[in-house]
Amino acid sequence: MITKLPQLTIGNIKLKNCLMLAPMAGITDLPLRELAIEGGAGLVFTEMISATAMVYGDKKTYKLLTSSTKEKDCVAAQIFGTKPDIMAECAKKVQDLGYKIIDINLGCPAKKITKVGAGSRLLANPKQVEDVLSAVVNAVSVPVTIKTRIGLLQGQNVACEIIEIAQNCGIKMVSLHARYAEFAHSGEPDLEAFSVACRYAKIPVIANGGITDIQTAQKFLNIPNCSGLMIGRGAIGNYDIFKRIEYFFDKGKMVAPSTIQTRLKWFRQNAVASLKYYGEDKGLVVLRKIAPYYIKGLPNACSIRNQFNKITTLKEFDNIFKL
């Protein structure tokens, strides 16, 4: 039974803790990452960056890589693609922007990513995985990590093979989503398969998938060789989950989960930051995707969500939530 959080170093970078905010497409923008850092995350990740778009100088892609002084050394950039040379060139450009950790996505199950052979689809081609990882590692001087899945289909645990390839290529950390790609973000994580994957790993393996509270965190951390936790949707509107987990393992005491009022305060803080970052035309629009995480449990939540989807100003936000 684990009583202390593992200390974690990625290459030459020592993190303040082993708790991370997962990269989430369309979600982990700069305003949200800063909230996670305030909530106690030791490392946060950008949204997925298309290597091809980056290499061709797409302005929207560069916008995704905007970082702040609040993030300092605790932000990593995640890139995706299939061509080793393009991935290597993208990694160089990301490093030139000042990022000190580069992560490669091998786990996204979204059709628009897998249909081009990227994300979790790469797991069907271990040789291509090796070529991509080697190209990126050899192209940059900063630590390179990967985020992957147990496998594509239930019962097909390819994580052990992918971790071995990663180690041999010079990858410094593996974040392992303990669900199969076919299940996307639903269902229980396969703890047994995760345990098997961790058993002989020589680099840190970080648990991901279904972590929403102390109990689910503890299940993963009790597995031998589990080096930390990566929390995705379980952290949205619940950013102090990182502090609660750290406090529990440091002090052995539970801290009460966030109340609805706390969530709404996080929501307003996110709204203010988003309006400042994107401007009034887009600031609240981009939050429509994650608004349900903030307002769940409120009376008439469906009606409130419909109201939120029509507003564009902070004054309108305050009229709805009356904070």
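Keeping to the range 184-207, report how many residues are touching a residue at least 40 places away in the same chain (Cβ under 8 Å) and hydrophobic (A, V, I, L, M, F, W, C). I'd like the intermediate steps shown before the answer.
Our first condition is that a residue be touching a residue at least 40 places away in the same chain (Cβ under 8 Å); within the range 184-207, this holds for 184-185, 190, 193-194, 197, 200, 203-206.
In the following step, the residues that additionally are hydrophobic (A, V, I, L, M, F, W, C) were identified as 184, 193-194, 197, 203, 205-206.
Adding up the residues that qualify gives 7.
Among the residues of the range 256-275, which ones are of a type outside the set (S, T, N, Q), surrounded by fewer than 17 Cβ atoms within 10 Å (Cβ to Cβ), in contact with a Leu (Cβ under 8 Å, 6 or more places away or on another chain) and in contact (Cβ under 8 Å) with a residue 40 or more places away in the chain? Give the steps one after another, and end with the answer.
Taking the range 256-275 first, the residues of a type outside the set (S, T, N, Q) are 256-257, 260, 263-268, 271-273, 275.
If we keep only those that are surrounded by fewer than 17 Cβ atoms within 10 Å (Cβ to Cβ) as well, we get 256-257, 260, 265, 268, 272.
Checking which are in contact with a Leu (Cβ under 8 Å, 6 or more places away or on another chain) leaves us with 260, 265, 268, 272.
LYS265, ARG268, VAL272 - these are the residues of the range 256-275 that are of a type outside the set (S, T, N, Q), surrounded by fewer than 17 Cβ atoms within 10 Å (Cβ to Cβ), in contact with a Leu (Cβ under 8 Å, 6 or more places away or on another chain) and in contact (Cβ under 8 Å) with a residue 40 or more places away in the chain.
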Suppose we filter ALA201, ALA207 for residues that are small (Gly, Ala, Ser) and open to solvent by 10 Å² or more (accessible area, probe 1.4 Å); which single one remains?
ALA201
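Answer yes or no as to whether VAL94 is within 20 Å of SER274 (Cα to Cα) and either open to solvent by 20 Å² or more (accessible area, probe 1.4 Å) or among the hydrophobic types (A, V, I, L, M, F, W, C) (or both). Talk me through it step by step, then tell me what you get.
Details: within 20 Å of SER274 (Cα to Cα): no; either open to solvent by 20 Å² or more (accessible area, probe 1.4 Å) or among the hydrophobic types (A, V, I, L, M, F, W, C) (or both): yes.
Taking the combined requirement at face value, the residue does not satisfy it.
Would you tally the residues in the range 267-302 being outside any loop (DSSP other than H, G, I, E, B) and either modelled with pLDDT of 95 or more or under 23 Å from the mean Cα position of the chain (by Cα) (or both)? Working first, answer last.
From the range 267-302, those outside any loop (DSSP other than H, G, I, E, B) are 267-278, 285-287, 291-295, 301-302; that's our starting set.
Now narrow it down to the ones that are either modelled with pLDDT of 95 or more or under 23 Å from the mean Cα position of the chain (by Cα) (or both): 267-278, 285-287, 291-295.
So the answer is 20.
Picking from ALA159, ALA124, which residue would you name as being open to solvent by 20 Å² or more (accessible area, probe 1.4 Å), closer than 22 Å to PHE194 by Cβ and touching a residue at least 12 places away in the same chain (Cβ under 8 Å)? Spell out the reasoning first.
On the way: ALA159 fails: open to solvent by 20 Å² or more (accessible area, probe 1.4 Å).
On inspection, the qualifying residue turns out to be ALA124.
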Considering only the range 224-255, state which residues are under 15 Å from the mean Cα position of the chain (by Cα), touching a residue at least 60 places away in the same chain (Cβ under 8 Å) and not in a loop (DSSP other than H, G, I, E, B).
GLY228, LEU229, MET230, ILE231, ARG233, ALA235, ILE241, PHE242
Starting from the range 42-62, take each residue that is without any contact (Cβ under 8 Å) to a residue 12 or more places away in the chain and list its partners that are open to solvent by 30 Å² or more (accessible area, probe 1.4 Å) and not hydroxyl-bearing (Ser, Thr, Tyr), counting only C-beta distances under 8 angstrom and pairs at least six apart or across chains.
ALA53/LYS60
Say we look at the range 164-179 and pick out the residues that are surrounded by fewer than 23 Cβ atoms within 10 Å (Cβ to Cβ) and at negative phi; which of these is farthest from the chain's Cα centre (by Cα)?
ASN168
Single unsatisfied condition, THR52 versus (1) over 27 Å from LYS265 (Cβ atoms); (2) open to solvent by less than 30 Å² (accessible area, probe 1.4 Å); (3) not charged (D, E, K, R):
(2)
Only one of (1) crowded, with 22+ Cβ neighbours inside 10 Å; (2) under 16 Å from the mean Cα position of the chain (by Cα); (3) of a type in the set (A, V, I, L, M) is not met by ALA118, so which one is it?
(2)
Considering only the range 214-255, how many residues are open to solvent by less than 70 Å² (accessible area, probe 1.4 Å), over 24 Å from LEU176 (Cβ atoms) and touching a Phe, Trp or Tyr at 6+ places or on another chain (Cβ under 7 Å)?
2
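Count, please, the residues in the range 78-91 that happen to be open to solvent by 50 Å² or more (accessible area, probe 1.4 Å) and over 18 Å from GLY170 (Cα atoms).
Step one: filter the range 78-91 for residues open to solvent by 50 Å² or more (accessible area, probe 1.4 Å), giving 83, 85, 89.
When the remaining residues are screened for being over 18 Å from GLY170 (Cα atoms), the result is 83.
Selection size over the range 78-91: 1.
The values are calculated or read from the model by the stated rules, or taken from the named source; none is laboratory data. As the structure is a computational prediction, the values presented were derived from the model and not from experiment. So basically every Cβ, Gly included, is an ideal-geometry build from the backbone, and we count neighbours across all protein chains shown. To get the accessible areas, we keep the full protein, side chains included, count just its heavy atoms, and leave off ligands, DNA and RNA. Shrake-Rupley method; radii C 1.70, N 1.55, O 1.52, S 1.80 Å.
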